[in-house]
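The values are calculated or read from the model by the stated rules, or taken from the named source; none is laboratory data. Keep in mind that this is a model prediction, so the values were computed, not measured. In this analysis, Cβ positions are derived from the backbone assuming ideal geometry, glycine residues included, and neighbour counts consider all displayed protein chains. The area values use the complete protein model at the heavy-atom level, side chains included, leaving out ligands, DNA and RNA. Shrake-Rupley method; radii C 1.70, N 1.55, O 1.52, S 1.80 Å.
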Amino acid sequence: MAPPRSFLWTRRLFLTLLTGFVLIPVYVMVSSSLKPLADVTGKFRWLPSELTIRPYIDIWSTVPLARYFVNSLIVAGAATVCSVVIAVFSAYAVSRYNFRGKRVFTVTVLSTQMFPGILFLLPLFLLYVNIGNATGIALFGSRGGLILTYLTFSLPFSIWMLIGYFDSVPRDLDEAALVDGCGPLGALFRVVVPAAIPGIVAVAVYAFMTAWGEVLFASVMTNETTRTLAVGLQGYSTLNDVYWNQIMAASLVVSVPVVAGFLLLQRYLVAGLTAGAVK
């Protein structure tokens, strides 16, 4: 039975409005990044009176954007790798073995997601400063300290999601690998991990996006040398002027890795989130 025409027109109208709601800000960002600063700060126009790529050239000299870009890649990449590796071992142990405190561990891991991130800002700041004073290990103002900070947020969710995904992988695969002579680690890396690639990719994308766009901790835990992109974009706003065209251009440039990665891994991400959310 075909749906009524009123439903079809209502759906089309809703989708059109939703598309405009999503694409109009993107168009304004792109068009503003191709305008001279005088056009951006003047009366708004839908069509630029003059097109220029100068903002895309100036963004690299107005602030040290390349250094911020490298810092973000190192921090986000290291946090992603560490989160995936630790989550795989932890989730496999919880999924395949029974041990005392198993339920307490899983509930504790999941309950950490209930607390707002700002609640941990002052404790982590004091902890890093005291560790640095006592041992000489510079965690505050370093990339390593920021990586550890991001692990506290991405790791609990990553473990919880991979537990659900590993539970959906038949245990018969593990038993068959053990019969063929594999040990527990061999069964994990040769059988379970290949079968759980979508879930692992979903965890990696989540961890990377969490670290890539985080602002609060990066603004406190970094200095001029270790500053990341999310905080470095503030440098385009000075006491004398705000370079809106460069802000828009830089925002588009820093979004490229996340958008490209999401598009390339979209099918793995959807499959991993769907399977990992249901046990």
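Quick notes
- Filtered residues of the stretch 169-184 (kept if part of a loop (DSSP other than H, G, I, E, B) and open to solvent by 100 Å² or more (accessible area, probe 1.4 Å)): Asp180
- Taking (1) within 21 Å of Asp241 (Cβ to Cβ); (2) of a type in the set (Phe, Trp, Tyr); (3) at pLDDT below 90 in turn, Trp46 satisfies each apart from (1).
- Residue check for Leu265: within 29 Å of Val169 (Cα to Cα), modelled with pLDDT under 85 and surrounded by 20 or more Cβ atoms within 10 Å (Cβ to Cβ): no
- Which listed residue is out of contact with any helix residue (DSSP H, G or I) (no Cβ under 7 Å at 6 or more places or on another chain) and among the small types (Gly, Ala, Ser), from Ser142, Ser95, Ser83: Ser142
- Only listed residue being open to solvent by less than 70 Å² (accessible area, probe 1.4 Å) and either under 26 Å from Leu229 (Cβ atoms) or not in a loop (DSSP other than H, G, I, E, B) (or both), chosen from Ile159, Ile137: Ile159
- Residue, most open to solvent (accessible area, probe 1.4 Å), within the stretch 140-152, restricted to residues that are free of Cβ contacts under 8 Å to residues at least 60 places away in the same chain and not hydroxyl-bearing (Ser, Thr, Tyr): Leu148
- Test: residue in the stretch 87-96 that is under 30 Å from Ala195 (Cβ atoms) and either open to solvent by 70 Å² or more (accessible area, probe 1.4 Å) or in contact with a strand residue (DSSP E or B) (Cβ under 8 Å, 6 or more places away or on another chain) (or both): yes
- Applying the criterion of being among the hydrophobic types (A, V, I, L, M, F, W, C) and either in a helix (DSSP H, G or I) or at pLDDT 90 or above (or both) to the residues of the stretch 233-249, the residue that is surrounded by the most Cβ atoms within 10 Å (Cβ to Cβ) is Ala249.
- Scanning the stretch 185-207 for residues that are open to solvent by 50 Å² or more (accessible area, probe 1.4 Å) and closer than 22 Å to Leu121 by Cβ gives a single hit, Tyr206.
- Scope the stretch 213-230; condition modelled with pLDDT under 90 and either touching an Asp or Glu at 6+ places or on another chain (Cβ under 9 Å) or aromatic (Phe, Trp, Tyr) (or both); matching residues: Ala230
- Residue within the stretch 45-52 that is under 33 Å from the mean Cα position of the chain (by Cα), part of a helix (DSSP H, G or I) and not acidic (Asp, Glu) present: no
- Taken over the stretch 114-165, the criterion of being among the small types (Gly, Ala, Ser) and either in contact with a strand residue (DSSP E or B) (Cβ under 8 Å, 6 or more places away or on another chain) or over 14 Å from Phe217 (Cβ atoms) (or both) is satisfied by Gly132, Ala134, Gly136, Ala138, Ser158, Gly164.
- Residues within the stretch 210-220 that are in contact (Cβ under 8 Å) with a residue 60 or more places away in the chain, within 26 Å of Phe262 (Cβ to Cβ) and open to solvent by less than 60 Å² (accessible area, probe 1.4 Å), tallied: 6
- Criterion violated by Val75 - all others in (1) open to solvent by less than 80 Å² (accessible area, probe 1.4 Å); (2) under 18 Å from Ile200 (Cβ atoms); (3) not aromatic (Phe, Trp, Tyr) satisfied: (2)
- The stretch 48-73 residues that are within 12 Å of Thr226 (Cα to Cα), paired with ones that are open to solvent by less than 70 Å² (accessible area, probe 1.4 Å) and of a type in the set (Phe, Trp, Tyr) (beta carbon under 9 Å, 6 or more apart): Ser72/Trp212; Leu73/Trp212
- Check on Thr80, open to solvent by less than 50 Å² (accessible area, probe 1.4 Å) and farther than 17 Å from Met221 by Cβ: yes
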